[in-house]
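Reviewing the structure listed below.
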Amino acid sequence: MGRSREKEDAESRFNSPVSISVADSSVSLLKLISILIIFVVGVVIGLVSSSHIDRYFSFRADQFNIKNIYFAADQFSSDSEKMLVNCERECALSMESFIRPLNLNHRMTDDELFWRASMVPQKEEFPFKRVPKVAFMFMTRGPLPMMPLWDRFFSGQDVDKYSIYVHALPGFELNVSNSSVFYRRQIPSQHVEWGSVSLVDGEKRLLANALLDFSNERFVLLSESCIPIYNFQTVYKYLTRSVHSFVESYDNPSRYGRGRYNRRMKPDIRLTDWRKGSQWFEIHRTLAIKIVADTKYYKLFKKYCHPSCYPDEHYIPTYLHKFYGALNANRTVTYVDWSLMGPHPATFTAVNITEGFLQSLRNNGTLCSYNTEKTSVCYLFARKFDSSALEPLLNISSQVLGF
């Protein structure tokens, strides 16, 4: 009996640590597994949560940016900038905006403008109904005193047959009512000075802006003192049916012609190439593109034809004579009276405006060539008219001029 107890006590002391050790190990394993499960679940929850948070903040950031864009455009942009934003959304890649720009208030530099205007489609057929237009381009220092007469000239005419462009001195704004054909027809301009190459820059700027409209076929340069001496239909048919452009280009052997030539222009421009002519031209689209695209000969005039040379009287006449003489009628369609023999032509005031005077401008007894035939209709426009001439012109225009 005693031995039996001692045996049981000994076995108990021997087995007890083993049992405890096994139990402890099981508990530790369970804890480790639990910790691993909790860790994995935590990682999964963290990844999912961070994805949602990123999306949430990205979405909020986008909303914030969009709100800022609209806020800035609506609150701080000018009307022209709002139009630009709207155009970028609605007119992007629009055929209509490409072939017929409606907003003339662009931000292109001259180099950018001339480059774009010189582009020529290689495909001859037009993918739209093209009605040839006449671009009336006004070079002015400020107001257009003859504007009421021009408004009457264009009144009731097909708007698909003409376009208007105004180049004025920087800072001047042509404020007219929206009922006028001159409404919003002012182009971005720069300073021009009589007798300098900047006047040629202004002419090229007008041509380039007008060339952006692919329907413009003929381009006539006018001043603020010019008037039409025939009605619109006569002018339109005369120009659009002509096979020639109308740029005065002739050889003047005097000091006012050859005397202005600079020998440093050789060999690209020789004395035999040198020509003189009136600044007030009318040209076909083909020649307008050539003039706008020219850099080489323009740079020669800019470098060597200084104020006493008067680049506006020589650059285009010389350039066209040298390369495109066969396309030019070598005369102008704008009448100017140089009988006073001064640096400027005669100015017509109110006392000059009579029916007989206007008839003499239209039919002065001279003949000229038109499409290889002789005609008595040589001038379509006339200058130089003082603002005082406006009222008498309006009084008799319907009887004499036909508008």
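Here are a few things to note about the model shown:
- Breaking point among (1) touching a helix residue (DSSP H, G or I) at 6+ places or on another chain (Cβ under 6 Å); (2) under 29 Å from L401 (Cα atoms), for F214: (2)
- Number of the exception - D251 against (1) in contact with a Pro (Cβ under 8 Å, 6 or more places away or on another chain); (2) surrounded by fewer than 20 Cβ atoms within 10 Å (Cβ to Cβ); (3) farther than 21 Å from G142 by Cβ; (4) not polar (S, T, N, Q): (1)
- Of all residues in the stretch 292-326 being buried (at least 22 other Cβ atoms within 10 Å of the Cβ) and among the charged types (D, E, K, R), the one that is nearest to L367 (Cα to Cα): E313
- Residues of the stretch 243-264 that are part of a loop (DSSP other than H, G, I, E, B), charged (D, E, K, R) and either free of Cβ contacts under 8 Å to residues at least 60 places away in the same chain or not assigned by TED's automatic domain parsing to the domain that holds Y324 (or both): D251, R255.
- Among the residues listed as R362, R275, the single one being crowded, with 20+ Cβ neighbours inside 10 Å and either at pLDDT below 95 or assigned by TED's automatic domain parsing to the domain that holds A210 (or both): R275
- Any chance L102 is surrounded by fewer than 16 Cβ atoms within 10 Å (Cβ to Cβ), in a loop (DSSP other than H, G, I, E, B) and of a type in the set (A, V, I, L, M): yes
- Residue in the stretch 342-350 that is over 30 Å from D273 (Cα atoms), more than 36 Å from the chain's Cα centre (by Cα), small (G, A, S) and not in a loop (DSSP other than H, G, I, E, B) present: yes
- Highlighted here are the helices (runs of 4 or more DSSP H) found entirely within the stretch 138-241 that include at least 3 residues which are in contact (Cβ under 8 Å) with a residue 40 or more places away in the chain and within 18 Å of the chain's Cα centre (by Cα): 198-211.
- The stretch 175-200, residues that are within 21 Å of C309 (Cα to Cα), modelled with pLDDT of 95 or more and among the aromatic types (F, W, Y): none
- Qualifying residue in the stretch 171-189 (condition: in contact with a helix residue (DSSP H, G or I) (Cβ under 8 Å, 6 or more places away or on another chain), on the phi < 0 side of the Ramachandran plot and basic (K, R)): no
- Selection within the stretch 327-356: residues that are out of contact with any Phe, Trp or Tyr (no Cβ under 7 Å at 6 or more places or on another chain), surrounded by 16 or more Cβ atoms within 10 Å (Cβ to Cβ) and in contact (Cβ under 8 Å) with a residue 60 or more places away in the chain. The member of this set that is farthest from N252 (Cα to Cα) is L327.
- Residues satisfying the stated conditions in the stretch 363-403, i.e. more than 19 Å from F153 (Cβ to Cβ) and aromatic (F, W, Y): Y370
- Those residues of the stretch 346-376 which are of a type in the set (V, I, T) and touching a strand residue (DSSP E or B) at 6+ places or on another chain (Cβ under 7 Å), in sequence order: T375
The values are calculated or read from the model by the stated rules, or taken from the named source; none is laboratory data. Keep in mind that this is a model prediction, so the values were computed, not measured. Methodologically, a virtual Cβ is constructed for each residue, glycine included, from the backbone with ideal geometry; neighbour enumeration extends over all protein chains shown.
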